[in-house]
Amino acid sequence: MAAIHREITTKDDVPLSDLLLDAVAEIEIFNEAERPFRELMAQNVTERTFRVHTGDMTWEELAEGEHARTGRLDSTEMAFSVKKYGRSLGYSQEFIEDNTADIVRREFQELVDGALQKEHEVLFDIVRDGWADGTNLWFDPEDYGAYSFSDTHNHQFADTQELFGGAGAKTASGHIREANKEIRHHGKRPTIALMSSDMAGEFVDELAYGADYHIPEAEGLRETALPQTTMKVDGVNLLQTAWLTDNEVHVVAGEERPIYFHEARPVQLTQGENGGPVGDPGDLLGSYGSVRYGAAIADPLAGLSFVADDLA
């Protein structure tokens, strides 16, 4: 007599095949969803390399019959790495059989939420360490207007005095204006300022907006366009985030999309840590969620950081 194989089911009789369909649908939604925060500062690229173009193409006055000099453009190619991120679902036969489908699905939803949290963590780590820090850049910054720069140009300021070039307490909004100037010296327009909740409170206290104004959470944005009620200083939208602490602030020319994001493989369920994609219901047992991507700041002059340690 042939053996009878029973499909594993949850405590409320939902089979693994249904759970797999739910899992696949959840992943597809996640992979296709907009990333409002990422889209504020990053652009998706298909390669792990990027080019920085520098040179002098400034026009000059020509006398009658005089030939214009040829412009000069240099190109430097850089590469960044792709890493794999993942987490085990921890599904076992006993876990499936001892719990209802809602509890099993909740575990999977937490896994997907964790994937988004890891993406935010990676992006903030890139922002925190990516701006020009006064050591040798891999290119010579272009001159702009009345300003010229060297490859030791710095966009990371340890405190209020370093940002302003002198002692004395300054207002929170004054810090943004000073940072704004540093970025505009390169012909770029700052659009967003990322800060901790504590620092956001300093702006609320200083600017005393009405109740309709707020400082939204960067990682909690639901649409790319920032609401009109967002606090602004000199055209810079203020955003708070739990990924920053104390009075650390990052001001970014978001429209430059200075972060390059390369997704080698979107989120998927795999058979174990290094196995192939999950295809059969039974593969859910011991399965992993995993993704492969990399990110880098391609334009270290499109943002800066400071610590506002001396507030007026």
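The values are calculated or read from the model by the stated rules, or taken from the named source; none is laboratory data. All values derive from a computational prediction rather than experimental measurement. We place every Cβ from the backbone using ideal geometry, glycine too, and count neighbours over all the protein chains shown.
Here's the yes/no breakdown for (1) surrounded by fewer than 21 Cβ atoms within 10 Å (Cβ to Cβ); (2) under 30 Å from residue 98 (Cβ atoms); (3) in contact (Cβ under 8 Å) with a residue 40 or more places away in the chain:
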| residue | (1), (2), (3) |
| --- | --- |
| 196 | yes, no, yes |
| 199 | no, no, yes |
| 202 | yes, no, yes |
| 239 | no, no, yes |
| 245 | yes, no, yes |
| 250 | no, no, yes |
| 271 | yes, yes, no |
| 275 | yes, yes, no |
| 295 | no, no, yes |
Test: residue in segment 98-116 that is surrounded by 13 or more Cβ atoms within 10 Å (Cβ to Cβ) and outside any helix (DSSP H, G or I) = yes
key: Some residue of segment 236-249 being out of contact with any Ser or Thr (no Cβ under 9 Å at 6 or more places or on another chain) and over 19 Å from residue 156 (Cα atoms)   = no
note = For segment 25-37, pairs from a residue that is at negative phi and in contact (Cβ under 8 Å) with a residue 40 or more places away in the chain to a residue that is exposed (fewer than 11 other Cβ atoms within 10 Å of the Cβ) and of a type outside the set (A, V, I, L, M), with Cβ under 8 Å and 6 or more apart or across chains, are 34/223; 36/222; 36/223
query = Restricting attention to segment 166-189, does a residue exist that is under 29 Å from residue 81 (Cα atoms), part of a helix (DSSP H, G or I), within 20 Å of the chain's Cα centre (by Cα) and in contact (Cβ under 8 Å) with a residue 40 or more places away in the chain?
reply = yes
request  = With the condition kept exactly as written, say whether any residue in segment 60-77 is at pLDDT 90 or above and either exposed (fewer than 12 other Cβ atoms within 10 Å of the Cβ) or under 23 Å from residue 290 (Cβ atoms) (or both).
outcome  = no
ask   = Given the conditions (1) surrounded by 15 or more Cβ atoms within 10 Å (Cβ to Cβ); (2) closer than 25 Å to residue 115 by Cα; (3) touching a residue at least 60 places away in the same chain (Cβ under 8 Å), which single one is not true for residue 222?
value = (1)
task = Would you check which residues across segment 78-97 are farther than 16 Å from residue 23 by Cβ, modelled with pLDDT of 90 or more, not in a helix (DSSP H, G or I) and not hydroxyl-bearing (Ser, Thr, Tyr) and list them?
result = 83, 84
request  = Return the total of residues in segment 224-251 being in contact with an Asp or Glu (Cβ under 9 Å, 6 or more places away or on another chain), assigned to a loop (DSSP other than H, G, I, E, B) and farther than 11 Å from residue 197 by Cα.
outcome  = 2
ask   = What number of residues within segment 253-268 are surrounded by 14 or more Cβ atoms within 10 Å (Cβ to Cβ) and out of contact with any helix residue (DSSP H, G or I) (no Cβ under 6 Å at 6 or more places or on another chain)?
value = 9
key: Filter result (among the hydrophobic types (A, V, I, L, M, F, W, C) and part of a helix (DSSP H, G or I)) within segment 190-208   = 199, 200, 203, 204, 207
query = If residue 140 satisfies every condition in (1) part of a loop (DSSP other than H, G, I, E, B); (2) without any contact (Cβ under 8 Å) to a residue 24 or more places away in the chain but one, which is the exception?
reply = (2)
